[in-house]
Amino acid sequence: MENSADEEFVNKNILKDYNHVILKYYQTNNFMKTILVATDFSPAAANAADYAADMAMAIDADILLLHIYETPVVYMEVPIAMNEADMTQSAERAMIRLEAELVVRTNGEPNINTEIRIGNFFAELETVCERIKPYAVVIGSQGTTAAERLLFGGHAVYAMKHLIWPLITVPPTVKFSSVKKIGLACDFDEVAETIPVDEIKTLVNDFHAELHILNTGKQKVYSPELVFESGVLRNMLKDIKTDYHFIASDDTDEGIIDFAEQNQIDLLLVLPKRHGLIDAIKHKSHTKQLVLHSHVPLLSLHQ
C-alpha cells in the first residue's frame with residue numbers, strides 16, 4: 001500500500017509539471033487564446049463575464065462560459081432525478097441568456113462557447129482547464145448576497161491557491177477598460193526559482209502594459225541579498241518596461257492594496273505558493289480582504 005501511495009504522489013507531481021510545460025508552450029507559441037469564465041449566474045459572476053468579454057476583445061481571444069453545479073443530497077430517488085433535471089434546465093436557460101448578452105455586448109466578435117458540468121467545482125474546473133489550456137480563468141471574487149459570498153468567494157480563494165492556470169478574480173463593481181499597469185507583489189526571495197517570467201512577459205506584451213514590481217519584504221534597509229535578488233530580477237525582466245516600488249507598511253497586505261488602488265494598477269499579480277497572503281487567508285481578516293474585497297482584479301500565477 002505504501003508503494004502505491006508513493007506512486008500516486010509521484011504521478012500527481014509529474015502531471016503537475018507536465019501541465020506547467022504545456023501551459024508555457026501554449027502561451028509562447030501564439031495558439032488561439034481562450035478565456036474560461038466560471039459562472040454561477042449571480043450578478044457578481046455576470047460582471048466577471050462582462051469583464052472577461054471586454055478583455056477577450058482587447059487581446060483577440062475566444063470565450064468559454066462554464067457553469068458547474070453539484071446535485072443536491074437528498075434521500076429519495078425520484079426527487080433526485082427531478083431536481084437534477086430542473087437544475088439542468090434552469091442552468092441551460094441562464095446560459096443561453098448570458099451568452100446572448102455577451103454576443104450583444106461584443107457585437108459577436110469573439111467566439112463564445114458554453115459548457116455545463118455536474119460535480120465538484122474545482123475538480124470539474126481543473127478537468128476543463130486541462131482540456132482547453134486556457135489563456136486565463138476568470139471568476140467573480142465574491143457574490144453580492146451573503147450566501148454567494150460564502151460559496152463563490154470560497155471557490156475563488158481555493159482556485160487561486162490550487163489552480164495552476166492563470167486565474168483572475170474580478171471584484172463585483174470593477175469594469176474592464178484596459179490593462180495599462182500590471183503590479184507584481186514580490187518579496188525578492190530566490191526570484192530565479194520563483195518568478196514565472198515567461199507568463200509575466202506574455203501578459204505585459206499582450207496588453208502593452210507597464211510592469212510595477214512591489215517589494216513586499218519587511219526590510220526597510222537594502223541588504224546585500226535584497227540588492228542581489230533585485231539585480232537578478234531586473235536582468236530577467238530587462239526586455240519589458242518595469243518600475244520598482246518599496247511598500248513601506250507595517251501590514252504588507254494592506255500596503256499592497258493601498259498602493260494598487262492609489263496608483264491605478266489595473267491587474268495585480270500574486271504568486272500563491274510564495275506569498276503568505278494566500279496561505280494565511282483563513283486566519284487573517286486583512287488577507288481575506290485582499291482576495292474578497294479588493295477593488296483591483298487579482299491574477300494568480302504559479303511557477
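Quick look at the values:
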| read-out | value |
| --- | --- |
| Set A248, A260: member being within 18 Å of the chain's Cα centre (by Cα) and either crowded, with 21+ Cβ neighbours inside 10 Å or modelled with pLDDT under 80 (or both) | A260 |
| Some residue of the stretch 212-221 being in contact (Cβ under 8 Å) with a residue 40 or more places away in the chain, surrounded by fewer than 20 Cβ atoms within 10 Å (Cβ to Cβ) and not aromatic (F, W, Y) | no |
| Residue list for the stretch 82-128, filter: of a type in the set (G, A, S) and in a loop (DSSP other than H, G, I, E, B) | G108, G119 |
| Count of the stretch 118-133 residues which are within 9 Å of L36 (Cα to Cα) and surrounded by fewer than 14 Cβ atoms within 10 Å (Cβ to Cβ) | 0 |
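The values are calculated or read from the model by the stated rules, or taken from the named source; none is laboratory data. The shown structure was predicted, so the numbers you read here are calculated from the model rather than taken from an experiment. As a convention, Cβ positions derive from the backbone with ideal geometry for all residues, glycine included, and neighbour counts pool all protein chains shown.
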